[in-house]
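J.: Got a structure for you, questions after.
Read the figures in this text as sums done on the coordinates, not as results from a lab. Model, not experiment: these values are computed from the prediction. Neighbour counts are summed over all protein chains in view; Cβ atoms, including those assigned to glycine, are modelled from backbone coordinates with ideal geometry.
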There are 2 protein chains.
Amino acid sequence: MCGIVGYVGNKDASEVLISGLSRLEYRGYDSAGISVLHDGELTVKKAAGRLKNLEEKLQEEKVHGHMGIGHTRWATHGAPLDKNSHPHNSNNGKISVVHNGIIENYMEVKERLQGLGYVFYSDTDTEVIPNLVDYYYSGNLLEAVKKAAADLKGSYALGVMALNEPDKIVATRKDSPLVVGVGDKEYFIASDVPAVLNYTKSFVYLNDGEFAELCKDSLQFFNQDGEQIEREVTEITWSAESAEKGGYAHFTIKEIYEQPKALKDTMTGRIVPGKKVKLDDIHITKEMLEDYSRIYIIACGTAYNAGLIGKVAIENLARIPVEVDVASEFRYRNPIIDAKTLVIVISQSGETADTLAVSREAQKFGARVIAITNVVGSSIAREADDVFYTWAGPEIGVASTKAYLTMLVAIYSIGIYFAELLGTQQESYLENLKKELLTLPEKVASIIADTTRIEHFADKIHTEKDVFFLGRGLDYQIAVEASLKLKELSYIHSEAYPGGELKHGSIALIEDDITVIASLTQRDLLEKMQSNIKEVVSRGAKVMAITFEDNHDVEHFSDEVIIIPNTMDLIAPILAVVPLQLLAYYVALYKGLDVDKPRNLAKSVTVE
Amino acid sequence: MCGIVGYVGNKDASEVLISGLSRLEYRGYDSAGISVLHDGELTVKKAAGRLKNLEEKLQEEKVHGHMGIGHTRWATHGAPLDKNSHPHNSNNGKISVVHNGIIENYMEVKERLQGLGYVFYSDTDTEVIPNLVDYYYSGNLLEAVKKAAADLKGSYALGVMALNEPDKIVATRKDSPLVVGVGDKEYFIASDVPAVLNYTKSFVYLNDGEFAELCKDSLQFFNQDGEQIEREVTEITWSAESAEKGGYAHFTIKEIYEQPKALKDTMTGRIVPGKKVKLDDIHITKEMLEDYSRIYIIACGTAYNAGLIGKVAIENLARIPVEVDVASEFRYRNPIIDAKTLVIVISQSGETADTLAVSREAQKFGARVIAITNVVGSSIAREADDVFYTWAGPEIGVASTKAYLTMLVAIYSIGIYFAELLGTQQESYLENLKKELLTLPEKVASIIADTTRIEHFADKIHTEKDVFFLGRGLDYQIAVEASLKLKELSYIHSEAYPGGELKHGSIALIEDDITVIASLTQRDLLEKMQSNIKEVVSRGAKVMAITFEDNHDVEHFSDEVIIIPNTMDLIAPILAVVPLQLLAYYVALYKGLDVDKPRNLAKSVTVE
């Protein structure tokens, strides 16, 4: 994962780098470090743990200079220790590197360099890079980086400086994100736009295999063959403030409260009563759709959980068979893909490595790819044939909330769009569904308006070690996402089961006082689900149920009931997940955990 | 779930019933009871908990008679208390009933009977039945049971006696299993054959909606309309001893050790080197197969886990898209099924209620159904279009082991059979695969020959609260089954993750000293999987790895390594699951748990 940033210009580099890293911490926070050209040396300062450790260190050991690179790390090779932190310098101290990605052949390169007398001090894959660049260096950093890159297998975004070429940073990328910020006599590199958005709004998105040479007074781009190329500058319209916490204690709760707006924004202009669904960046015709024998929805983590609901929604609305799989599994199992296959990939960041790889592979086999993503101009968005942008705004909390809810809007919209193309549903039914979808922002607002009962329940269960979620039909998919949220935020080992599967093994775990959280939003399955609840109650479980206003039965055998407004069964997940997000948040608060940055996790998984 | 038994003849009924119940305890063991016509009364004796409680009670309060019914219960409605135990008598004590199944409209019937003055003492659904039969009774038990059955919705297998008609039992069934045993001037009813196999080897499998009237000197069958019908008697060739424990401490370990034989038996005559796979009870032609646009594999619990591997095997071998789903989810989600769909259902007992329902529903929509089951003549086998019988022999341990392994043989055999029909694979590859499959019984035998390391590791982890299983590709499906085994047998909250999904949330649960069990049998994925192991090791996890002989790398970063013999990747699950079954068994032993009958579970889930 990791985040990188770089600066060359007239400002104090340390300040720019720390500012950038503070906005990249969501990409990893095992350690942080900077390298600044200071007093004729590439001076490296690093510290394990959160960025504040580095900041404290810099209070005592100040470094000043006008060029530097910085890094915030999420450990992959080597434990989160000082020695494994970035930046890494070459043995002679003349080359400094920050790296995001994984070098797959680093053992091989390391042995080769050891044979040449280079010595290695860390457990990282990255440390081979500065030494390899140094080995190739003969006065031209760009040339040396190009040669080094040609030797590397794996994924990387790199920022490289050379002691002998002050005021110059060379950057390149392969399968890891990198943007170049364009200022007035100053230039930036960063893993993403918000890192340096307070300094500039003009960016170039570097493509795989391209190189950038940033000097104080010039910015040049080169392709793989070393030919100079022109790159378009994109103006960003986000404000830096929009990614700040506002008045909330954490980004996560802020983002939960932003959900009514995010939902509304995402539906705007797309779902309009009396009109067919309008999706500007999706160009699929009726004829094309009739030709697809099946749809794959591929994603990771929370986006995968949105895909699970996508399967139910699209199969029900458009009657095309849909299969959902996690990207890291799908890509390695020789899946059956051809031109009769439509692939929908979902990724908040648009940079998820495994999902991007699936998208590319699918296109290679002739499949059409629709991307659902929150980030305009991200790799997945740029490469897909069609795009649905969720307009959730930047999501900083590592546990996805508003992005997830808008992904659901995306899949419902696509489902209705397909149904309208194919004529698989009554117009009146689709009209009702659209009208009902438009009421959901208001209904979500009513859920988050009073969190008393949820906080009370969170208090009750926050010392639990294990929690089980139960559901049938879409209530199972709700349970899966609710369970992931609780895991991510509270570190409680929670697991979701389909109600009917309990008896086939998992009920062995149910004992006195265990907490079971049941979702009951699917009217046809209420009775069966209530039977499953009775099974766990009769074995001593304490039950919290989520259900809709009209269902009064469940009170009789549940210890707590959280009520959500009535809606149509198919879109109930948009409402039912919200109290469970809040529950996960408050449990984490009661446990005193770092809600926005759960341990071991990073926001955007750009390595495999 | 529940098991029922009934006897009419010249022997002491109590003894026959207790003997039968002792062989039915795998169907539930929350309570047991019998009703015997004794001293001019339908005398009921019951006791909560295991059968031995009832036996002790009967030592003191003997009941003698030549006719009786018995029941062993798995609680669904009402806690496992004396008052909820079966048999249930009518208010006036003149009708006695045992029931397996769930009466869905019992509340409605109860209110109606209450209106007529009947009083209810238990929380069960069953108690309405004796009173309803009593209400209709006017001297002819068969007529009364028929009328009562017409009022009942749900599933049931019933044994009914009337005080006024000594020496007569009336039995009927709907969606719950029931067999009639035919002796010499004595007759039996039972939920399955082994219950009374020590008394007779001749059985009639009652069909849904049929009635049997058992008297000491006569046995008659009637259809729904009351017309007398002839029913065929089947001779059973199993010996009662084959379902006993032999020299082992538990059925579960006995069945693990029976796996080489079960595998060999299941392949016999089907997989022969140099010949195409031969499946006598599957009648699918090349033309039919080319017409199927997709295959669904539907099952519950362990059989579902076998289905997960079936998807990979069949997609890889025959290149037909396969979707796997749990039966209780699939049937309620309006799945896309038509005559172009092939459905494979898997159920050890052949009586799993949700799986049976899916099979029926699929046939209604024109799909062809292949059943994979261990029980000849079971409902699922009888109703399917094609059958693959796993020849694992009776499985008594509640946690499935040998049945699971033979289900894998079934799906590999079907995969190769399809590939041979369609010509999707090189003959030489299929020939190698067959030869390799035939070596697996020997290789499994070599794994179970020395369990020292596994016992040692089981001892180390038996006090853990949480254990995580990791794998990629087929190693993930192995992890899923291994995790279920550990849950069922040891009550440890274990969960399986695909290696690549860890970073998307679950890794938040990894902390110092947590136990992670990794499966590494898929050669193409070794490197990626080793990266995932390093990720958890660097966060403090203790790792046990399962891998094949040739892989030596994994020793360097695992605390324990269990080695399995080399084989082809596609069929590695048959080997890799075995040490993990043993691990679950030994962990349960170290915890002092009841291995053969885990809490809350029953062998065959014949209710939804």
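J.: Could you tell me which of the pairs B:Lys94/B:Lys168; B:Lys443/B:Lys528; A:Lys201/A:Lys485; A:Lys261/A:Lys465; A:Lys311/A:Lys435; A:Lys402/A:Lys542 are separated by over 24 angstrom between their Cα atoms in the structure shown?
T.: Values: B:Lys94/B:Lys168 13 Å; B:Lys443/B:Lys528 27 Å; A:Lys201/A:Lys485 33 Å; A:Lys261/A:Lys465 35 Å; A:Lys311/A:Lys435 22 Å; A:Lys402/A:Lys542 29 Å.
Correct reply: B:Lys443/B:Lys528; A:Lys201/A:Lys485; A:Lys261/A:Lys465; A:Lys402/A:Lys542.
J.: Something else: Along the Cα→Cβ direction, 7 angstrom out, place labels at B:Asp225 and A:Glu383. What is the inter-label distance in nm?
T.: Using points 7 Å along Cα→Cβ, the separation is 6.7 nm.
J.: Same structure again: Which whole number gives the average count of other chain Cβ atoms within 10 Å of the Cβ atoms across peptide A:484-496?
T.: 4
J.: Restricting things to alpha carbons, find the Rg to Rh ratio for the range A:251-447 using the Kirkwood radius for Rh.
T.: Looking at the range A:251-447, the ratio lands at 0.95.
J.: Using only DSSP helix segments of four residues or longer, with each worth -39500 (n - 2.57), what per-residue ellipticity at 222 nm results for chain A after dividing by its residue count and rounding to 500?
T.: Per the formula, -11000 deg cm²/dmol.
J.: Which whole-number percent is the relative contact order of chain B (Cα, under 8 Å, 6+ apart)?
T.: 12
J.: OK, next. Rounded to the nearest 0.05, what FRET efficiency do B:Lys216 and B:Lys147 have when you use their Cβ-Cβ distance and R0 = 22 Å?
T.: It comes to 0.30.
J.: Would you mind checking which residues have amide H under 5 Å from B:Met67's amide H? H placed 1.01 Å from N; only 5 or more apart, or other chain.
T.: B:Ala13, B:Leu37
J.: Taking H as built 1.01 Å from N, whose amide H comes closer than 5 Å to the amide H of B:Tyr296, not counting residues under 5 places away?
T.: Sorted by chain and number, the residues that satisfy this are B:Glu323, B:Leu342, B:Val343, B:Ile344.
J.: What are the ³J(HN,Hα) couplings of the range A:14-25, residue after residue, when phi is run through the Karplus curve with 6.51, -1.76, 1.60 and θ = phi - 60°? Round to Hz, x for glycine and proline.
T.: Each residue's phi maps through the Karplus curve to give 4, 5, 4, 5, 5, 4, x, 5, 5, 8, 9, 4 Hz.
J.: Kindly identify the range A:3-241 as rounded, prolate or oblate by the Cα gyration tensor criterion: order the square roots of the eigenvalues as a ≥ b ≥ c, call it rounded if a/c is under 1.5, otherwise compare a/b with b/c, prolate if a/b is larger, else oblate.
T.: Since a/c stays below 1.5, the shape of the range A:3-241 is classed as rounded.
J.: Could you give each residue of the range A:198-207 its phi-based ³J(HN,Hα) in whole Hz, using Karplus coefficients 6.51, -1.76, 1.60 with θ = phi - 60°, and x for Gly or Pro?
T.: 6, 9, 7, 10, 10, 9, 10, 8, 5, 8
J.: Here's another thing I want to ask about it. Highest mean first, how do B:345-351, A:144-150, B:455-461, A:173-179 rank when packing is the count of other Cβ atoms within 10 Å averaged over residues?
T.: Ranked by mean Cβ neighbours within 10 Å, highest first: B:345-351, A:173-179, A:144-150, B:455-461.
J.: Now for a different question. Between copies, how far does the label point of B:Ser22 sit from its twins, in nm, shortest first, when each point is 7 Å from Cα along Cα→Cβ?
T.: 7.7
J.: Give me P(r) over the range A:85-182, computed from all C-alpha to C-alpha distances, binned every 10 Å, as integer percentages.
T.: 17, 55, 26, 2, 0
J.: Here is a follow-up. Under 16 Å from the 7 Å Cα→Cβ point of A:His456, by amide nitrogen: which residues of the range A:500-523?
T.: It comes to no residues whatsoever.
J.: May I ask you to work out the translational diffusion coefficient for chain B at 10 °C, viscosity 1.306 mPa s, via Stokes-Einstein with Rh from the Kirkwood sum over Cα pairs, reported in whole µm²/s?
T.: Stokes-Einstein gives a translational diffusion coefficient of 62 µm²/s.
J.: While we're on this one: Can you list residues whose amide H is under 5 Å from B:Trp391's amide H, if they're 5+ apart or on another chain and H is modeled 1.01 Å from N?
T.: B:Thr266
J.: What does the copy distance list look like for A:Leu422, label position 7 Å along Cα→Cβ, in nm and ordered from shortest?
T.: 2.1
J.: Spelling out what I want: for every residue of the range A:139-154, take phi, set θ = phi - 60°, compute 6.51 cos²θ - 1.76 cosθ + 1.60 (Karplus), and round to whole Hz; glycine and proline get x.
T.: Whole-Hz 3J(HN,Hα) from phi for the range A:139-154: x, 10, 4, 4, 4, 5, 5, 4, 5, 4, 4, 5, 8, 9, 10, x.
J.: Points 7 angstrom from Cα along the Cβ direction at B:Glu56 and A:Ser138: gap in nanometres?
T.: Going by the 7 Å Cα→Cβ label model, 9.1 nm.
J.: Run the label-point distances for B:Glu442 please: 7 Å along Cα to Cβ, every other copy, nanometres, shortest first.
T.: With the label placed 7 Å along Cα→Cβ, B:Glu442 yields 7.4 nm.
J.: Here is a follow-up. State the Kirkwood hydrodynamic radius of the protein assembly as shown in Å, one decimal place, computed from all pairs of distinct Cα atoms. The partial results should precede the final answer.
T.: Working: mean 1/r = 0.0310 Å⁻¹.
Every distinct Cα pair counted, the radius reaches 32.3 Å.
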